[in-house]
Each structure stands twice: as structure tokens, then as C-alpha cells.
Number of protein chains: 2
Amino acid sequence: MPLLDSRTLEPRRTMSIEDLEAGAREMRAWTLIALQAAGSGHTGGTMSIADIAAALYLAHIKHDPADPKWEGRDRVFWSAGHKAPMLYTALGMAGYFDEMPVSYHGEPLPQFAHIRGVQECVLLRKLGSPFEGHPNSRKLPGIEVCSGSLGQGLGVACGSALNAKIYGQDYRVYCIMGDGEQQEGSVWEAVMFAAHYALDNLVAIIDDNGLQIDGATADVCNVESLAEKYRAFGWEVIECDGHDMAAILGALERADAIEGRPALILADTIKGKCVDFAEDVVGYHGVPPKDGRYGDESLDAALRCVGATDQFPPERVDEILAFADDYGRLAAARADAEVPKFGRDWWWNAGEDMQVEMEPTRNGFGRGVAEVGADPNVVAHGADITGSIRMDWFYKPDTKTEDPERKRRFVSCGIAEANMATVAAGFALEKKTPFIGSYGVFATGRNWDQLRTTIGYSHLPVKVADAHGGVSVGPDGATHQALEEIFLVTAIPGYVMFVPCDSLEAAKATKAAADNDDPTVVRFAREATPVVTSDDTPFEPGMANVIRYRGSAERFVDAFDTVLASDYASEDEDLAIIACGPMVPEAMRAAVILKEEQGLETRIVNLHTVKPVDADAVAAAARDCGVIVTAEEHQVGGMGNIVAGAIAKANLERPVRLDMIGVQDRFGESGEPWELVKVFGLTGEHIARAALDLMGK
Amino acid sequence: MPLLDSRTLEPRRTMSIEDLEAGAREMRAWTLIALQAAGSGHTGGTMSIADIAAALYLAHIKHDPADPKWEGRDRVFWSAGHKAPMLYTALGMAGYFDEMPVSYHGEPLPQFAHIRGVQECVLLRKLGSPFEGHPNSRKLPGIEVCSGSLGQGLGVACGSALNAKIYGQDYRVYCIMGDGEQQEGSVWEAVMFAAHYALDNLVAIIDDNGLQIDGATADVCNVESLAEKYRAFGWEVIECDGHDMAAILGALERADAIEGRPALILADTIKGKCVDFAEDVVGYHGVPPKDGRYGDESLDAALRCVGATDQFPPERVDEILAFADDYGRLAAARADAEVPKFGRDWWWNAGEDMQVEMEPTRNGFGRGVAEVGADPNVVAHGADITGSIRMDWFYKPDTKTEDPERKRRFVSCGIAEANMATVAAGFALEKKTPFIGSYGVFATGRNWDQLRTTIGYSHLPVKVADAHGGVSVGPDGATHQALEEIFLVTAIPGYVMFVPCDSLEAAKATKAAADNDDPTVVRFAREATPVVTSDDTPFEPGMANVIRYRGSAERFVDAFDTVLASDYASEDEDLAIIACGPMVPEAMRAAVILKEEQGLETRIVNLHTVKPVDADAVAAAARDCGVIVTAEEHQVGGMGNIVAGAIAKANLERPVRLDMIGVQDRFGESGEPWELVKVFGLTGEHIARAALDLMGK
């Protein structure tokens, strides 16, 4: 009884098992094309949930694509938000996008007026598209809530289900989770809650494919037996083959009939299902088919695997991908248009000289943790994204080969950041130097109370790798772009926080973290950014560097002098730019623009340590220059307000003009990293423009 | 084999079952006296854990009080930190304090040179004493880690136990938890982790007394069957009578013999055990005997119950309490000495005129939520401290009688703040207005990622009661004194945050929160603070008030004019004080001092909305006055840096002198509320002194 007309409650469409199997096949195909067009995204989990998604959206749940907010609809919460592409495809197949024009940041694009419906899903992860890397309920109909940070959906589902009980509504609530996700303690809070309230209008579905990013769930942090655990928590557990359409439908019907307790459908699935080269392969968690369009592990091979080549012959795939490409070009152009214009193109490596190398700051962390890992008292922890943040270089010091002695000192914690923090505290108490890490949202936010009370209040030397800071994380979108950590960490007494400007400085900061006795956070980014220091550049924790542009050079890095702020003699520059992290290279580029186009001299203050802050360097910059631009790839004010406070408290005898560059109090979004840097106003050109505005030029 | 000499490994003392029972009796007595002397603290849980504590510290574990950091010692982690008084007593009985002089903030006090050992524990919760409301490992030997925020200890114990496995050490690890604590998801992360690593050197002990603050655990959010749950998670479970010494020792021995998996001792206990009037009584969770020294529910009655009157006859109790009182007076005097001196005593209600009433701001929240609760679409959530934060007034609108219709809209979540946030998100999605709340550390920190991603990113109108903000929380100490929420909340896009200045404004802020469509946090305090507004005082969200002192009056509140900042015409005052929360009354008192003693005119800006901030009012104050003191009962800079940023970005053509009053980047501590306000530099006198220093006076 799915796909109702919400006014008449008559079915809009009824599908047989065969129809649903064909639907799942088509959904897999669309999803694979979307992943290919995006160039990133999750093949493994989308393929494993495909049949369940088809069963729910095309057959089992009450809903009306023409009336997405219909109060009588059944609710489906995708707690495992990274499976979003299959959610989009399911909604598209059900008809949710039939009337929705192709748009860029909400603006309809008439050139794509002929495209409607499920095809729009191939705009996955593109700048300006509503098909973000993780589901955004504010941008698309049919999505109940934003998700992407694991372990939160079941609680939302509980609230929705209890609402129906209290207010006498008869919709049913479904929640899709992964098996690795069961490592998050918040899931068990919700499991306990649902049983306590006897939420028999709630059905949880675990896509139990046995794999997570770091490996087999049984190896990373074993969650089995999930059936026994849920039963001990008072749930009814129904096990089924998650790729047998009749079995899925039967399980859903049985679950709906349970009274007096919530029901779990434990669906035995295969990660990457139907794409033979991706089936049960750990490496296919978060990437599209590898060989591009053609090859052994290509999109075309994948479409053959799922049996969709009749429906998607090469010429049709060409056409679909061309649409995605066209949209991507438009988005890139729109992003370019956001960058303030100057006399020439000053972009990275745009000219013959001033060449710069790019490397992700995370690689610097990796080299740093590999180096300090030589000390047998250093211990490293993983939270299922070990390779992504380069924590694995701890036990693969050559970045390739596992060192068994070091591997023994690597503590795999699974997706349980709160526990990881307290486990590390235990090691710190035993005089070890523990590193923990994850994407910044999870590494400093999900475990904030643990960082505060167990680690901070006890003042234990736990070291936190705060990875994926900034919008330059790219296509994963807002949920994975940490923009708040400077607020979170500097709030806690006794913490040291480094925000290194490039990969070399990231390695130095990591080593400094290992050397001090304080809880210490190193914030770094995902994308390759310019290397603007050398091995000889000074790095003193708690002391800023001053960087000065001295004239064009063949290599960008050679065009600047860098000294410790305490060693710097004022040149009474026209302005100062105070920056941290990847905004330091942008500040340097701004200095070049301001000098070459306007003859202005800029003092760049690299505030690589945001706590304790070098208040003297900040005050000196304000006193000597009188014009300050702060720049951070972070919610504006994280570093900027600290700078403003230091200036204010210095009680200078002169007025100071100040502007702050940063993310202007909004969430990130999906897009290519450098597109986002442009759209969020984080380029050297934006800094230069702000400086000129401050000076009335 | 307890109480070893760590050099010879010879026992220092061996105790029989009878000795241990006598020890437990004495520990109960010391603990009850300490609670009485403190005037607050946890009778219920300390009595229920007493026998287990005696068994561990006096008999079972390997440790040497003369060498507290001995590497070979067994570790005991008290995850349930609120049972600290019994931990202190156990350590004292074991001899940990035999060589420790009585001290104030680490300074030995020669007048108490004759007092040593367990008697020092009666300094519980006193300012300057190391016996804080919750355990502080930096202040006392024998405490492994700071605790007090539930659900964190088992993870630390796991880290310690895994360290022993990796590094080949043979100590054993114990972790004491409560049954209510099992509602925290982080516990289940650690339970899973311990099984994954087969930590058979780890023994968890649950003091399963069946009660928590809000009622029976089974009613608040049922955790049973804990035995089945732990078994399903792969643990060995040993059940025992937690008040039978032989049974406890037997269970500990059996637990130590388990191989290949961690062991849980599920100890069946009675909350308040041995104190008959407190046994199994919910109301005795967090208070000492009620009738003071004598009466039906008094200390003396309690000592009789536990059979300790022979050992503690009245005259001995007198002497012990007198010691605690003497210490308390000394601490109060030390706190007074921290307050800057002026021509006369300007303290609250010190004179005949300028009388002020005091009421806790939490009561204002209670009245507010009671009022908005008349709307059937308002839903309230509890996290086991429902009464303490006044959330219960939602369903007891007269503060006494439960309204059944409203009670149906009250969602008891247990100690599971992360899940509470997501459950509320579910209600918000269903067009309800959900209120959640807890102590600020837990209500904005423990669930930060949920506030960010599920609620903030989806922009759901969840309303957060951020209670117990500030050091004025008092004797509970640092773990329960939230000082970081302005950083945490203002970091998230789209949030509104109110920090009302008194109980009347707290009610207005609560109603404003119910009325808007945004995620909204209302921060308020525990202790009674001056009521400095009236029902007619304007309250416009997002707009500051300007308060001006107009001359002495009978009632403090009548001595001031208060208008919306946008309606205020500058009087070119000598300085401005920008404050929020309970620092607004202190700012008003500072204005009185500055006027009456120095003839200075002060503009007080009540920044009750810290997000969105009234940048115009801030900039105007800086422009018109040139001298600014910010004042917040929070880590300094939470509001102060926002103010500094607003001033800096206003690009005024004049220099501005600024200082910030707040907690100076350190954790709170135990003490009486007003003592702490003085010691942490948060009085009107401190504000006035800072202003005069800024002006060179």
C-alpha cells in the first residue's frame, strides 16, 4: 500500500516482487552513475541497502511523493547518512523530484528544464545541488532530518514514534542504520529508550554487511551478536536476507505486527552487493568504481554486474554524465565569480613564477605521528577513519608496510569517539602518550564532555588529531566539515591547540604535541594546500611567526621571510593579516596582491597556536599597523574573537580597524574543495579585498 | 592481600570479615558526619557502596597508602563520582591521609597540625579543601582520575586495563558504576570495547540500588536486565548481595579468576543502606540527613542506625564538626579577603537601603516552562535532574501538584543527554515545541554533536535549558559548574542563546524561546541571585538593555532606569560595563560603587542575548564611553570575545580600553556559592576595581 494519494488514500502504483527487483536494479544503476559523476561517495553501503530501500519506498511505506509532508505518511530516518545516494535514488524513483526543476543553490536553471525526476540525482555532491554528500532535509523533499554523523537517527525516530503515541497518530517509523554504527553509544541509549516506551510503531533496520571503513566490523570492534544484544535490551528481532525481496517484505510485515515492543530487522547483507568487484571489499566503502568509465572496475563493468546495461546503454550513460558535467562546469563558474577581481590572475600557480607545491596538512600529521611513534610509549587510537586522517601512518611509518610492534600499540576503537577519548585517558594515566583522532566534528564535539572532564580536568596529556577541519573537506558536505573546534577546545582550561598552516608545520605541531605534558589538539585539513614553510622555518609553540613578502621569486615560498614574532622588528606596515591553518597561505597571497597592485606592505602573523595565544604578537600587529584582517577556515570569530580580545585588552592608544574573514555563521555544503573555498569567501582575494575596504581603497 | 608495602610486598594489615564489617560501619559514620558538615552531598549512593568500598580498599586490592602511585597497585576507578565521600573515607581508613596536613588550597594550616588521616574527610566540599564534591585526582592521593560526569569511568578503566595487556603489567582494574549510569551510551561503548579486547584484568562493579534522582530506575528509563545485557555484550556476570561482606569478597575473587572476558559484579544494594529513614528513599539521593544534628532524620539518628554511637559519642561528633566549622570559617574569611576593598561595605543588603530580593534564575525558568506548558504542543524532557533544574514545573505548574495531561507530555529520558537531544528533535519534526535540559555541561556539551548536526543543521526548534551555569553552582565542584556553554552554543549556526540576568528575565527568555522557530538555549544558574528587573522591564530577544544608576533608593531595583538599548540616548558616560546573566546585578552594584565613591557614571549593557548579539549596542557603548569592562560568570571571553569582536568590527575612530571579568581559564571548585563568586573574582567590587584600573584611578 505504498505511494498513496494523500487526499484519497488510493494507491498511486502497486508493484510485484519482480517489479521491485527491477526497481532495485534500476536504483543501483542510477546510484552508480551518480557516484561516478560525483567522483566520490559510498559504493559499498548504497549497494547493500538497495533492496531494502526499494522495498520501503516502492512498496511498503505509506507516502505520497506529491505531498511529501503529508502528516499521515510513514517516516523513514536514514541514520546512516552516508548511504544518501540510494536514498536520493529511492525518492527519485518514487516520484519525489518529478516536479522539481534542476537548480543551483535554489535558483532554477532553465537550460536544464527538460530534466526531471530521478535523473537529477546524478548531481550528487555538486556545488549548489540539493543532493549533498549527506542528506539535507532543508534542501530536498522526502528527507525527514539531516544526518551524516552516525548514531543519531534512532533517537530522532524514537521521538517521532513517541509523538505518535502521545498525540494519537498512526504513522509508523522506520530507521536505517549500519552495523558499524552500533559501536556508537548513543544508539544504545535510543535502544533502551525505545524499549522503555514500548515503541511498537518503530522498526529499526540494520544493514548488517559486516564491514566498516577500517575493516571487518568483527576486527575493528566487534558488535556481534546484535540479535542477542537487541533481545537483551527488550526488542523483538527479526533476521532476514537483506537481498531477498520477498524476505524483506515479509520481515517488514512481521515487524509491523509486533505489539508492545520495538522491532529490529537484522538484514544480512553484502557490502557492494551486485557489483562483483566491490562485493565484500573493504576498500569500496567510500569510493565509486575505480577505473572511471571503462575497465575492470569501472562504471560500465558495474552496470553490467547489476544487469542494467539494457536500460542504460553507453549512449544513455554518456548523456546522463554529460548533464552532470555541464552542471559541474556551471557550478565551477559560479564559484569563480565569487572571487574578487584584481588586475591579473593571482591564483595558485597561475603564472610562470611563484610556483608552489601542494600537500594535504593531514599528510604532515601522518609523518609526525609516524616519527613520534618510534617512542614505545606512544599509543595511537583509531575510530574507523584511521587511514583518512593518516593515523595509520603511526603503524605504517613508511606509509605502506605495517610494523607489527607498532600495530600492537594501535588501539582500534570503532565508531565510538567518546569511549576513544576515555580509553586514551586511561593510557595517559599509565604514563603513555596517546593520540586519538577523527574528523573534527567527532574528535572534539562528539566527545566534548570527555575532553573536558576526564581529560581536561584531570589534565591528562591526550593528543587529539582534529582532522577534516574546514569547508575544504569538500563533497562530504556540512556534517563532515568541522568549523567549530577552536571554540570547543579553547573553552577548556589547560588545553593547547595548534592549527598548522601547511603539511610541514603540521608535522612539527604533531611532534610538539607529543613532547608537551598538556592535553593538545592539532587541527588540520583534508585537501592539498600550498606548502609555504620549509624544514628551517621556526615553530615555537605558543609563539606566532611573522611572515613578510619580499618580492616575487621562482618558488612562492622563497618570496617571503619568516621569523618568530618575538624576533621581528616592526616595519610599520600598512596592515596586518592574522591567520591560522590553510588561511596562512591565502594571507600570503593577499600580501602579494596588495604589494604588487597597491604597493601596500603587509605583516602576516601566523597564529599557529591558538591556545595559548601569542597576545604580544597580536597586540604588536595592531599597534604597529592599525589595520587588521583575521582569516580562519572556521566559523568566523573562533580565532578572530580571540584576536579581537587580545587587541582590546592591550589598551592601545590608537584606533584599530578590523575585519574578520571566515565562514559567516552558516553550515558548510558539498562541492569541490576549492569551489567551496571560493564560495565561502576564504581566498587570498577575499582577504585583500577586505583589507582594501578597511583602508577605504 | 591488601595494603601492601610496595617495597617488600608484605601485607601492612590483614582484616577478617568482622574487621571489614566494623570498617564499613566506621566508614559509614565518617561519611555521614562529612555530609552533615558539608550541608550537602549524597547520602543514598555512599551508603549503598560502603560495603563494597570497604571490601576493596581494606581487603581485596593490592595497594600501598604510603606509595599511592606504586606502579604495581590495582586501580579502582569511581565512575560514579558523586559517591566521592565514601571514596575519601575508604582512602582515609586505608591510611592515605596519615601524612597529609590539613591545607587550604594546598597551603598547610599549622593550626590544624594535630589532625591527620580519615578525619580530614569531614572537610568535604569546603572551599580550599582537597575533598571536593566530586573526586579530583590532582588534589588527593589515591584517586585515579577526576570524575563526576557519569558514564566516563569504564572507558578510562578499559584504557588502563589494555595498557596492562600491551605492556605486560599485572595490576588489575576495577570500575565502580551506578545502575542509573547504565543509561549513558558511553558505558555501552566501553562495555563493547572491553569484550572486544577480552579484558579479563577488568572488573566492573554496578552498585545496583534501583533508584536514581528522578525516581526508580525502572520508571525513569529502565535498564534491566543488566545481567542479560552484559552477557549479551560478552561479559561474565556475577550477581551478589552488595551488603554481605563475605559475598562481596567471594564475588571479587570469582571475578578475578575469570579468563578471556571482562567480569561484571552486579551488586544488589539498597540506597541509603543502614540509615533506616534513608533506605530506598528517592529523596535521599543528594542530601545529608535532614534534621541537622538531632531529630528523627538527623546525623545522630543516622549514626545510631549504622551502629556507630559507641565509636562516635556526641562529644566526639561535636569535636569533629567543630573542626569542620573552624575550617569553614577560615575559608570564608579567605574568600572575603579576595574582594577588593572600597570606602564602605557595598555587599548585597549590607546597608539599610538598596534592599534586594534573591531568587534563583532556575525558578524563573521553571515559571516560564510552566506557563508555556499550557500549550498542548509543548513537550518537556527530563534527564534525571528534572527537579533540580525546575523542569518538573512543566508538569507541576503550581510547583507542587502533578497535572496528568501535562505529565503525559513529559518524556523521561534518564541519564542520556545525547539521546534526549535527538528524541526532542523527533518531536520538533512533528511540529511540537520540545524543551530539554540538564546541567549545562551535559545539556550543551555531552550532546554537542547532536545539538550541531541533528538539531542545528536541520534547524529544528528544540529549546535547551542550560542549567547550573557558573561557579555559583557551589559545593558540587568543577564537574557540575558549566563555564563553556557560550562558546559551545554560539559556535553553531542558527542558534539563539539567552543568558538572563535574574529570575524574572529567565521566565521571559523561556517564553521567548518557546515562541521562536529557532534552536534556542537559555542559560541559567542554581543559586539565588538578586532580582534586578520587574515585570515591566523590556525584554526584546536580540536587543540589549541599557541600565543606568540614578541614585540610592530603598529598593535596589528602583535605583536604576532600564531601557532598550535602541531607545537609549547617550549620556557620554565615563565607562560601560557589558554583562550577562548574574553578572548584571554585580555590574549594577559596581555602578553604584563607582558613582558613590568616585562620581563616575556607568552605562550597564545587559547583553541577555549573546546570540544574535546586539552589536549596535556594544559598538555604541564603546564609541560613547571608550572604557569597557565585560563581565560574565563563564570562562572569560565567551561573551567577552564576542564583545571585543563587535567593537573591533565597528571600526571606531577612537581607542577603546577594555578589560574582561570572568573565570580566568581554570576549572571551578567546591565551596559555598558566594565564596566562589568572590574567589573567582566575579563580584561588583572586582568589576569596579577593573574599571578604575583601566581609567588609571
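Per-structure values
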quantity: Subset of the range A:308-336 that is more than 27 Å from A:Val677 (Cβ to Cβ) and surrounded by 15 or more Cβ atoms within 10 Å (Cβ to Cβ) - its residue that is farthest from the chain's Cα centre (by Cα); calculated: A:Thr309
quantity: Subset of the range A:356-386 that is in a helix (DSSP H, G or I) and among the aliphatic types (A, V, I, L, M) - its residue that is farthest from A:Lys400 (Cα to Cα); calculated: A:Val372
quantity: Test set (1) surrounded by fewer than 24 Cβ atoms within 10 Å (Cβ to Cβ); (2) in contact with a helix residue (DSSP H, G or I) (Cβ under 9 Å, 6 or more places away or on another chain) - A:Val471 fails condition number; calculated: (1)
quantity: Scope the range B:255-279; condition closer than 19 Å to B:Gln182 by Cβ and not hydroxyl-bearing (Ser, Thr, Tyr); matching residues; calculated: B:Ala255, B:Arg261, B:Pro262, B:Ala263, B:Leu264, B:Ile265, B:Leu266, B:Ala267, B:Asp268, B:Ile270, B:Lys271
quantity: Among (1) more than 10 Å from chain B (Cβ to nearest Cβ); (2) in a strand (DSSP E or B); (3) more than 20 Å from A:Glu484 (Cα to Cα); (4) not charged (D, E, K, R) - the single one A:Val411 does not satisfy; calculated: (1)
quantity: Test result for A:Pro397, in contact with a Lys or Arg (Cβ under 9 Å, 6 or more places away or on another chain), within 14 Å of another protein chain (Cβ to nearest Cβ) and outside any helix (DSSP H, G or I); calculated: no
quantity: Of the criteria (1) surrounded by fewer than 24 Cβ atoms within 10 Å (Cβ to Cβ); (2) in a loop (DSSP other than H, G, I, E, B); (3) at negative phi, which one A:Ser149 fails; calculated: (1)
quantity: Residue within the range A:100-107 that is out of contact with any Cys (no Cβ under 7 Å at 6 or more places or on another chain), within 14 Å of chain B (Cβ to nearest Cβ) and aromatic (Phe, Trp, Tyr) present; calculated: no
quantity: Residue ID - nearest to the other protein chains (Cβ to nearest Cβ), chosen from residues in the range A:124-146 that are out of contact with any Ser or Thr (no Cβ under 6 Å at 6 or more places or on another chain), buried (at least 24 other Cβ atoms within 10 Å of the Cβ) and among the hydrophobic types (A, V, I, L, M, F, W, C); calculated: A:Phe131
quantity: Failed criterion for B:Phe77 (all others in (1) touching a helix residue (DSSP H, G or I) at 6+ places or on another chain (Cβ under 7 Å); (2) closer than 18 Å to B:Gly153 by Cβ; (3) part of a helix (DSSP H, G or I) hold); calculated: (3)
quantity: Test: residue in the range A:669-676 that is among the aliphatic types (A, V, I, L, M), within 14 Å of another protein chain (Cβ to nearest Cβ) and either part of a loop (DSSP other than H, G, I, E, B) or surrounded by 24 or more Cβ atoms within 10 Å (Cβ to Cβ) (or both); calculated: no
quantity: Cross-chain or 6+ apart pairs with Cβ under 7 Å, the range A:128-141 first and under 11 Å from A:Pro475 (Cβ atoms), then outside any loop (DSSP other than H, G, I, E, B) and of a type in the set (Gly, Ala, Ser); calculated: A:Gly133/A:Ala84; A:His134/A:Gly81; A:His134/A:Ala84
quantity: Helices (runs of 4 or more DSSP H) (entirely within the range A:564-667) containing at least 2 residues that are closer than 26 Å to B:Ala622 by Cα and more than 11 Å from every other protein chain (Cβ to nearest Cβ); calculated: A:615-625
quantity: Pair list, Cβ under 8 Å, 6 or more apart: the range B:149-169 residue free of Cβ contacts under 8 Å to residues at least 12 places away in the same chain and of a type in the set (Val, Ile, Thr), other residue outside any helix (DSSP H, G or I) and surrounded by fewer than 24 Cβ atoms within 10 Å (Cβ to Cβ); calculated: B:Ile166/A:Arg409
quantity: Identity of the residue in the range A:614-645, more than 19 Å from A:Ala565 (Cβ to Cβ) and among the small types (Gly, Ala, Ser), that ends up surrounded by the fewest Cβ atoms within 10 Å (Cβ to Cβ); calculated: A:Gly637
quantity: Complete set of residues in the range A:426-438 that are facing chain B (nearest Cβ under 8 Å), of a type in the set (Phe, Trp, Tyr) and outside any helix (DSSP H, G or I); calculated: none
quantity: Residue under evaluation B:Ala648, criteria (1) surrounded by fewer than 23 Cβ atoms within 10 Å (Cβ to Cβ); (2) modelled with pLDDT under 95; (3) not basic (Lys, Arg), criterion not met; calculated: (1)
quantity: Check on A:Thr453, in contact (Cβ under 8 Å) with a residue 12 or more places away in the chain and within 27 Å of A:Cys221 (Cα to Cα); calculated: no
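Residues are listed down the side, and each one gets a yes or a no for (1) more than 30 Å from B:Ala34 (Cβ to Cβ); (2) touching a Lys or Arg at 6+ places or on another chain (Cβ under 6 Å); (3) facing another protein chain (nearest Cβ under 7 Å):
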{"residue": "B:Ala416", "(1), (2), (3)": "yes, no, yes"}
{"residue": "B:Ala424", "(1), (2), (3)": "yes, no, yes"}
{"residue": "B:Gly440", "(1), (2), (3)": "no, no, no"}
{"residue": "B:Ala443", "(1), (2), (3)": "no, no, no"}
{"residue": "B:Leu451", "(1), (2), (3)": "yes, no, no"}
{"residue": "B:Thr454", "(1), (2), (3)": "yes, no, yes"}
{"residue": "B:Tyr457", "(1), (2), (3)": "yes, no, yes"}
{"residue": "B:Val473", "(1), (2), (3)": "no, yes, no"}
{"residue": "B:Asp476", "(1), (2), (3)": "no, no, no"}
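Yes/no matrix, rows are residues, columns are (1) among the hydrophobic types (A, V, I, L, M, F, W, C); (2) touching a residue at least 24 places away in the same chain (Cβ under 8 Å); (3) within 15 Å of A:Leu162 (Cβ to Cβ):
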site	(1), (2), (3)
B:Ala383	yes, yes, no
B:Ile389	yes, yes, no
B:Pro397	no, yes, no
B:Lys400	no, no, no
B:Arg409	no, yes, yes
B:Ile415	yes, yes, no
B:Ala418	yes, yes, no
B:Val423	yes, yes, yes
B:Gly437	no, yes, no
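Per-residue answers, yes or no, for (1) surrounded by 15 or more Cβ atoms within 10 Å (Cβ to Cβ); (2) of a type outside the set (A, V, I, L, M):
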{"position": "A:Glu352", "(1), (2)": "no, yes"}
{"position": "A:Thr361", "(1), (2)": "yes, yes"}
{"position": "A:Ala374", "(1), (2)": "no, no"}
{"position": "A:Pro397", "(1), (2)": "yes, yes"}
{"position": "A:Arg408", "(1), (2)": "no, yes"}
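Results for (1) under 25 Å from the mean Cα position of the chain (by Cα); (2) within 10 Å of another protein chain (Cβ to nearest Cβ); (3) among the hydroxyl-bearing types (Ser, Thr, Tyr); (4) surrounded by 24 or more Cβ atoms within 10 Å (Cβ to Cβ), shown as yes or no for each residue.
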{"residue": "A:Leu154", "(1), (2), (3), (4)": "yes, yes, no, yes"}
{"residue": "A:Gly159", "(1), (2), (3), (4)": "no, yes, no, yes"}
{"residue": "A:Lys165", "(1), (2), (3), (4)": "no, yes, no, no"}
{"residue": "A:Val173", "(1), (2), (3), (4)": "no, yes, no, yes"}
{"residue": "A:Gly178", "(1), (2), (3), (4)": "yes, no, no, yes"}
{"residue": "A:Gln183", "(1), (2), (3), (4)": "yes, yes, no, yes"}
{"residue": "A:Val187", "(1), (2), (3), (4)": "yes, yes, no, yes"}
{"residue": "A:Ala195", "(1), (2), (3), (4)": "no, yes, no, no"}
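The values are calculated or read from the model by the stated rules, or taken from the named source; none is laboratory data. Everything numeric here is computed off the predicted structure, so don't read it as measured data. As a convention, Cβ positions derive from the backbone with ideal geometry for all residues, glycine included, and neighbour counts pool all protein chains shown.
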